[in-house]
1. Could you state the orientation-averaged shadow area of the convex hull built on the Cα atoms of the protein assembly as shown, in nm² to one decimal?
2. Report, by chain and number, residues whose modeled amide H sits under 5 Å from the one on B:F59, excluding near sequence neighbours (fewer than 5 apart, same chain).
3. Between the range B:37-98 and the range C:72-108, what is the separation of their alpha carbon centroids in Å?
4. Measuring label to label, 7 Å along Cα→Cβ, what does C:V203 give against each other copy in nm, shortest first?
5. Average projected area of the Cα convex hull of the range C:1-64, in nm²?
6. Could you list B:T264, C:T214 in order of exposure, starting from the residue whose Cβ has the fewest other Cβ atoms within 10 Å?
7. Please report, for C:D28, the nm distances (one decimal) from its label point, 7 Å out from Cα along the beta-carbon direction, to the equivalent points in the remaining copies, shortest first.
8. Could the peptides A:224-233, C:49-58 be put in order, highest first, of the mean number of other beta-carbon atoms found within 10 Å of their residues?
Amino acid sequence: MKTLSITSHGGIATVTINNPPVNVINIDLINEINAFVLSLKDDRDTKVVVFKSLHETFFLAHLDLNVINGTQGGQAASIEFSHMIMNIKAMKQVSVALVDGVARGGGDEFVMACDLSYATENAAFAQPEIHVNIPTGGQGAVQYARRMGKNKALQALLLGNDFTAQQAEKLNIITQFVPKAEMNAFLEMTLGIISSLEIRDIVMYKEIIAASITDETAGAELELRYFLERAKEEKTAMIISTFLKHGGQTEREAKDMQGIFMDTAAELSK
Amino acid sequence: MKTLSITSHGGIATVTINNPPVNVINIDLINEINAFVLSLKDDRDTKVVVFKSLHETFFLAHLDLNVINGTQGGQAASIEFSHMIMNIKAMKQVSVALVDGVARGGGDEFVMACDLSYATENAAFAQPEIHVNIPTGGQGAVQYARRMGKNKALQALLLGNDFTAQQAEKLNIITQFVPKAEMNAFLEMTLGIISSLEIRDIVMYKEIIAASITDETAGAELELRYFLERAKEEKTAMIISTFLKHGGQTEREAKDMQGIFMDTAAELSK
Amino acid sequence: MKTLSITSHGGIATVTINNPPVNVINIDLINEINAFVLSLKDDRDTKVVVFKSLHETFFLAHLDLNVINGTQGGQAASIEFSHMIMNIKAMKQVSVALVDGVARGGGDEFVMACDLSYATENAAFAQPEIHVNIPTGGQGAVQYARRMGKNKALQALLLGNDFTAQQAEKLNIITQFVPKAEMNAFLEMTLGIISSLEIRDIVMYKEIIAASITDETAGAELELRYFLERAKEEKTAMIISTFLKHGGQTEREAKDMQGIFMDTAAELSK
């Protein structure tokens, strides 16, 4: 691979993007991300995929402007880019964008395609496409509309202005602003918890969430069906009896729920 | 009733939950809440139902872990719990959760089933079910998805972390954070206004809201139909003429709309 | 026209509403706004329409209470009012409410019918209709439900309380709070950018946004179709080549994206 370097540890794969000079999303990067994402389809050991950039100031600049044209190659590359967005959205694993720089256009769309996104004081998000005579092409307008509502979305798409991480969190462009100095500790804690789950847990919740957003009643039915099935499992019985032994359903829950979970996990891992 | 004590005054019923040791949602509590909620079906005098807890640190701990299993009794209790959530959501009256303690799992779902929810600095909200191998079972995931969007919902459901009342307000888990010292005055003012309405006013607005969330155009049509019908009523004519007499449609509206409403109500109550 | 004075400059039409004593929305105002809005249907030169009030304390007080009754004239006027709301929502141009005063009832609905709305420290927003025995009639309840969610909407509609501009921004009633002292500079910058676009750009984004809110997949398909078409245009090729010449896809983008856009526009306008 020319643009990605990938490491994996404890259920967490880290994809570092390096496509000089400014991490433009060109066809090489698109192809490599598509190949990697599709390779995870039957991977039950990888629970989390973190995307980050090696570049000091850019997360992903935007889609390569050299493919935005009427040539067969340009149109094919643009379609591949839209497939990349769909492939990321369809991942079984929890996808995480770790944004410490500029993410405009296709870069912003990449961030919104991920399940979770954490950004620092160095991040900038924008969809300025209209100023080069095109609309967004990787669901930027779609996501803005659904995340911030018609009015704020229209303003952002017509102006094409940058948003800071704090603004982006309020507008639901990203999950959370995390100061750079706290990012490592934050990720260790957060991704540590998520990677301790089974891949089927992640898939189940993604499925319930998707159903619920389309149809509240259908979501509730799916949720209840999963609940009743999972309640029958031996694993559930074992965790619950251990949890109760360590102070579950007592006053200890009020101030030390985490402690009960830790004691439970410790005993079960013996 | 073993777990509930209920008082009623001026159109406001107050349900105090007391199920020691930590207000777990067990089958007794479920049955008593279901019975009470269903008894209100044709009650036009009760406009508001406030749910609160007698426990100092717990609002509702969560669903009783002893029913989360594969036994016939366990599965039946879990289904009754999901019915309780649906029954609360279907109430004619305005349901209000007054949360001054811990509300995790089914407790958090109970809060979100209510129309309005006010919480203090002592409140904590979470859906930590996945860490005992089950999903939420009372629309917790459904509500998180619809209230905070896919991304923040997935994070909250996989981590299972606690939210404060202030965080919960921002994420639409609750209606509003109210400091404990201000809660009584806040409720007196707010619920006083709501309980002065007719039950059909509450039902009408719940219906328009539900229609609008599913389909904007259908909501607008329903709203206009109600508007044109209500405009014809003698009651409307009487309020409007009195309102105009006391400074409606004049400069007085700018700084003293409440005063005009109070003068109008005073004259009409003669 | 009796209630409107309209000026137009550089693609921006400014509609100043003056309907003494308190800018009530009566049948004259409704008819004049409907006539003006419909006259813009084939106007490709006007990109932005700003609605503001000449009154010092009222943006628009509310719908004329004298038409809220069972007479044929009253019912017809109410229906015309609802058409006005739909006509504003259907505009090709970007509609902007500039709110420096009170906007209750139909006034608040007028604001929410506009694409963008900016309000100052003097603004107040409310839907207090229920206290005169009617629901909202211009999509107030519909918009509250869709913008702030079921729970906060129900509270606001039953209480009928005023919101400040800052509260209204958080609840998505308006696009943005802008201090009065900064409003002129803000509008000059913002509307200057929007009015430099083509009317078809605005229509395209409104269409994608509307499709996306109803159906995420349909929105994404429509967006991609527009993207691929627009990518083929000569105009796109010219902007992109000029943009690349001035530092597009280089480090200059990080801190000076606006500068690249300005240099590009300057060269192209030669």
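Every read-out reported here was derived from the displayed coordinates using simple, explicitly stated rules and does not represent laboratory data. Everything numeric here is computed off the predicted structure, so don't read it as measured data. When we count neighbours, we look across all protein chains shown, and the Cβ atoms used for this are built from the backbone with ideal geometry, even at glycine.
1. The Cα convex hull of the protein assembly as shown, projected and averaged over all directions, gives 34.4 nm².
2. Long-range HN contacts for B:F59: B:G101, B:V102, B:A103.
3. 41 Å
4. 4.6, 4.6
5. 4.3 nm²
6. So the ranking, lowest neighbour count to highest, is C:T214, B:T264.
7. So the label point of C:D28 gives 7.1, 7.1 nm to the other copies.
8. The most tightly packed comes first, giving C:49-58, A:224-233.
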